[in-house]
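See structure below.
The values are calculated or read from the model by the stated rules, or taken from the named source; none is laboratory data. Computed from a predicted model, the values in this text were never measured in an experiment. Cβ placement follows ideal geometry from the backbone for every residue including glycine, while neighbour counts extend to all protein chains displayed.
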Amino acid sequence: MSKKARLLALPYLVWMIGFIVIPLALVFVFGLTDRSGAFTLENVISIVERNHLKALKLSVLLSFVSTVICFLLAFPLALILRGKKIGRANFVVFIFILPMWMNFLLRTLAWQTLLEKNGVINGFLTALHLKPINIINTPTAIVLGMVYNFLPFMVLPLYNTM
């Protein structure tokens with residue numbers, strides 16, 4: 001590798017070390033130490049406690065449901081995009097990926113604003129004289145947000161492999 005190529009890779013390496021390697025190392029260290037800094041396996045063993053196990057099961061279930069829904073939506077979309085002519089398909093992919101440029105947190109907060117008790121969706125339903133929905137802080141809202149946030153990450157790899 002030339003010196004120029006190494007120099008160009010430097011910002012990427014700094015970013016990877018700062019935002020991936022160091023946080024993962026900290027999680028590993030804090031997971032295997034107690035408050036005084038001594039080595040312990042109590043944190044790892046506590047996963048099987050009733051409250052932690054319940055949260056772990058719910059997290060795995062919601063992630064599985066979200067993954068299945070993402071796949072069921074992304075696969076047909078990737079097939080449709082594959083069948084388009086090159087010029088139009090690139091534009092459609094660009095329009096689909098454009099929301100990914102916005103911060104994850106902002107997109108999630110936008111969904112919270114839409115779904116809350118006095119949010120946009122319930123305001124619209126009330127204006128139509130329909131019963132408002134109570135979806136905020138439910139597993140349904142979590143799956144909806146996860147599918148919205150991660151759907152482009154399912155479409156792009158499927159589209160690229162087709």
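Remarks
- Filter pass, L77 being in contact (Cβ under 8 Å) with a residue 60 or more places away in the chain and surrounded by 11 or more Cβ atoms within 10 Å (Cβ to Cβ): yes
- Identity of the residue in region 101-142, modelled with pLDDT under 90 and touching a Phe, Trp or Tyr at 6+ places or on another chain (Cβ under 8 Å), that ends up nearest to P157 (Cα to Cα): R107
- Leading residue by the ranking (modelled with the lowest pLDDT) among those in region 26-82 that are closer than 25 Å to V147 by Cβ and of a type in the set (G, A, S): A78
- Criterion violated by V21 - all others in (1) among the hydrophobic types (A, V, I, L, M, F, W, C); (2) farther than 25 Å from V60 by Cα; (3) under 25 Å from the mean Cα position of the chain (by Cα); (4) surrounded by 11 or more Cβ atoms within 10 Å (Cβ to Cβ) satisfied: (2)
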